[in-house]
Amino acid sequence: MASGRKLKHIVLLVLGWVLLVVGTAGLVLPVIQGILCMVIGLFLLSRESPYIREKLRAISEKIRERFPEFHREFEKVKEKAREYADKILGK
């Protein structure tokens, strides 16, 4: 079963990077929702990469300091997204 976990890890990393690249292209192309693709890509990468998880945590702390109300709402959304992803991905 370890090979199944390894495959899932690789698929999520590849999908996360693809969404990040598509999101970056979407910032200049009017057809693609760039920010949405980037957020989903970073979410997937943060589930599989400790480095990205730590960088996003540092960014989150800076946002919490500057925009506390926005950060509270964002944390609620992030928790719902985590629950939904756990249900879909089986984590």
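Side notes on the structure shown:
- Residue in the range 7-22 that is out of contact with any Leu (no Cβ under 8 Å at 6 or more places or on another chain), surrounded by 14 or more Cβ atoms within 10 Å (Cβ to Cβ), assigned to a helix (DSSP H, G or I) and of a type outside the set (A, V, I, L, M, F, W, C) present: no
- Which listed residue, of Ile40, Ile35, is under 12 Å from the mean Cα position of the chain (by Cα), touching a residue at least 12 places away in the same chain (Cβ under 8 Å) and more than 28 Å from Lys6 (Cβ to Cβ): Ile35
- Top-ranked residue of the range 45-90 - restricted to ones that are within 14 Å of the chain's Cα centre (by Cα) and basic (Lys, Arg), ranked as nearest to Leu15 (Cα to Cα): Arg47
- Scanning the range 79-91 for residues that are touching a helix residue (DSSP H, G or I) at 6+ places or on another chain (Cβ under 8 Å) and assigned to a helix (DSSP H, G or I), we see that the one that is surrounded by the most Cβ atoms within 10 Å (Cβ to Cβ) is Ala85.
- Residue identified as of a type outside the set (S, T, N, Q), in a helix (DSSP H, G or I) and under 21 Å from Lys6 (Cα atoms) among Arg72, Arg64, Arg57, Arg53: Arg53
- Every pair of residues 6+ apart whose Cβ atoms lie under 6 Å, when the first sits in the range 16-29 and is farther than 21 Å from Ala85 by Cα while the second is part of a helix (DSSP H, G or I): Gly26/Gly34; Gly26/Cys37; Leu27/Gly34
Read the figures in this text as sums done on the coordinates, not as results from a lab. Because the structure is a prediction, the values reported are computed rather than measured. Cβ sites come from the backbone with ideal geometry, for glycine too, and all protein chains shown count toward neighbours.
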